[in-house]
1. For segment 161-179: of the residues being of a type in the set (A, V, I, L, M, F, W, C) and surrounded by 24 or more Cβ atoms within 10 Å (Cβ to Cβ), which is nearest to residue 240 (Cα to Cα)?
2. With the condition kept exactly as written, say whether any residue in segment 148-158 is more than 16 Å from the ligand (Cβ to nearest atom) and β-branched (Val, Ile, Thr).
3. Under 9 Å by Cβ, and 6 or more places apart or on different chains, what pairs join a residue from segment 94-111 that is part of a loop (DSSP other than H, G, I, E, B) and modelled with pLDDT of 95 or more with one that is within 8 Å of the ligand (Cβ to nearest atom) and of a type in the set (A, V, I, L, M, F, W, C)?
4. Looking at (1) at pLDDT 95 or above; (2) closer than 26 Å to residue 183 by Cα; (3) touching a Ser or Thr at 6+ places or on another chain (Cβ under 8 Å), find the lone condition where residue 270 falls short.
5. Looking at the structure I just gave you, is residue 196 hydrophobic (A, V, I, L, M, F, W, C) and surrounded by fewer than 21 Cβ atoms within 10 Å (Cβ to Cβ)?
6. With the checklist (1) surrounded by fewer than 22 Cβ atoms within 10 Å (Cβ to Cβ); (2) under 21 Å from residue 208 (Cβ atoms); (3) of a type in the set (D, E, K, R); (4) more than 14 Å from the ligand (Cβ to nearest atom) in hand, flag the one item residue 133 doesn't pass.
7. Answer with yes or no whether residue 81 is under 24 Å from the mean Cα position of the chain (by Cα), of a type in the set (D, E, K, R) and within 16 Å of the ligand (Cβ to nearest atom).
8. Working carefully through the options 222, 252, find the one that is among the aliphatic types (A, V, I, L, M), in contact with a strand residue (DSSP E or B) (Cβ under 6 Å, 6 or more places away or on another chain), within 16 Å of the ligand (Cβ to nearest atom) and in contact (Cβ under 8 Å) with a residue 40 or more places away in the chain.
Amino acid sequence: MNSILSDRINQMEESATLAMAKKARELKVQGVDIISLSLGEPDFKTPKHIQEAAKSAIDEGKYFAYPPVAGYQDLREAIAKKLREGNHIVEAKAENIVVSTGAKHSIANVFMCMLNEGDEVVIFSPYWVSYAEIIKLAGGVPVLIEGTLENNFKATAAQLKKAITNKTKTIIYSSPCNPTGSVFSKEELEAIAAVVKSKEDVYVIADEIYELINFTGKHFSIASIPGMFERTITVNGFSKGYAMTGWRVGYICAPLFIAKACEKMQGQFTSGGTGIAQRAALAAIAGDQTPSKEMEKAYLQRRELVLGLLKEIPGIKTHVPEGAFYFFPDVTAFFGKQSGSHQIKNADDLCIYLLEEANVSVVTGAAFGAPDCVRLSYAASEEELKEALKRIKVALAKLA
Ligand SMILES: Cc1ncc(COP(=O)(O)O)c(C=O)c1O
């Protein structure tokens, strides 16, 4: 706490994933051989044709000036076309699209534009760490509905119905989900949409950033359901499916008044996203999709590898994630155990133990609203994954 700083920042939690990554980096600097399975970062390189588009954009010399606040018109048109043709969001037009500096920025814009003090946001839990902090920053109140391991961590329409009050402004979920890898089916989203439509003035924020890493082969966008376009802010971006985390490009597709509000907000905060990165994003969305398909295939192979290895570890309970690149195992079997000076009271303790004993970093589920679990990212090479899982198995076997 520092009284010179605002209450706003003093009350904000640090991102647990970034904190774990920082701790792992510090140990690495000391020469410890750390395997990091804590970050949500593809380990692939951005596909060549996307890199080339950025180089050409520099050579063309046209993209050095401030870009339009909502993004270049041709990129917005390409995104709208993709949403109409690929996601069946037939109403999507360029005017509904706002391009931002990563999907995280898109989500921040939306909450800043939609929430007044005390407005409630229903979050499908387990959930991505940043939702709750951004909601609180915008004056909102997070209300969690919880999925469990038994139902693949998917909260239901019935839970949503109970959670909605006259203060509810919007709901938010990610599918495929970070941290669980779960994917909502068409039927599940239709049931959720029916609840939303039965209430006046409740909106949906559908975070679809892991769309291109979906092993079911069936991505479904809630905004494609008749009557839902006007109620939905679809969030997506380039970080995960195109291995473009550092390029920082994300977007929303929203009803016009929300898109206009986000443009106004962004105009005062950051202006339009980086010009060169937007040219790369255009090549990504309008160009060859083969590299993304290949990455998806590699993630699926790794999922199978890690699933097999996790099953060999006594005490670990896991579901089979259908997308993204995370496992979210239940680790309660280790609570109350100890090894040397390490007492494992909860998932936080277990993460520290695994970092220090196995030199593998994973993230506590507490950061995602699920304190019985840990999140393990398999966006790492097969060799690293095999070695990491071997070390985890040995370390966990020492707990008694
Ligand atoms: C569920 C989810 N939404 C949004 C984001 C933000 O992505 P970016 O800001 O890199 O576009 C992430 C990144 O980890 C995520 O996991």
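1. In this case the residue turns out to be 177.
2. First, the residues of segment 148-158 that are more than 16 Å from the ligand (Cβ to nearest atom): 148-152, 156-158.
Restricting the remaining residues to those that are β-branched (Val, Ile, Thr) gives 148, 156.
Yes, there is a match, as at least one residue in segment 148-158 is more than 16 Å from the ligand (Cβ to nearest atom) and β-branched (Val, Ile, Thr).
3. Going by the 9 Å Cβ cut-off, the qualifying pairs are 101/249; 102/238; 102/249.
4. (2)
5. Working: hydrophobic (A, V, I, L, M, F, W, C): yes; surrounded by fewer than 21 Cβ atoms within 10 Å (Cβ to Cβ): no.
Judged against the criteria, residue 196 is not a match.
6. Single failed check for residue 133: (4).
7. So residue 81 does not fit the description; no.
8. Values: 222 fails: in contact (Cβ under 8 Å) with a residue 40 or more places away in the chain.
Result of the check over 222, 252: 252.
The values are calculated or read from the model by the stated rules, or taken from the named source; none is laboratory data. Predicted, not measured: the structure shown is a model, and the values here were computed from it. With ideal geometry, Cβ positions are generated from the backbone for all residues, glycine too; neighbour counts draw on all protein chains shown.
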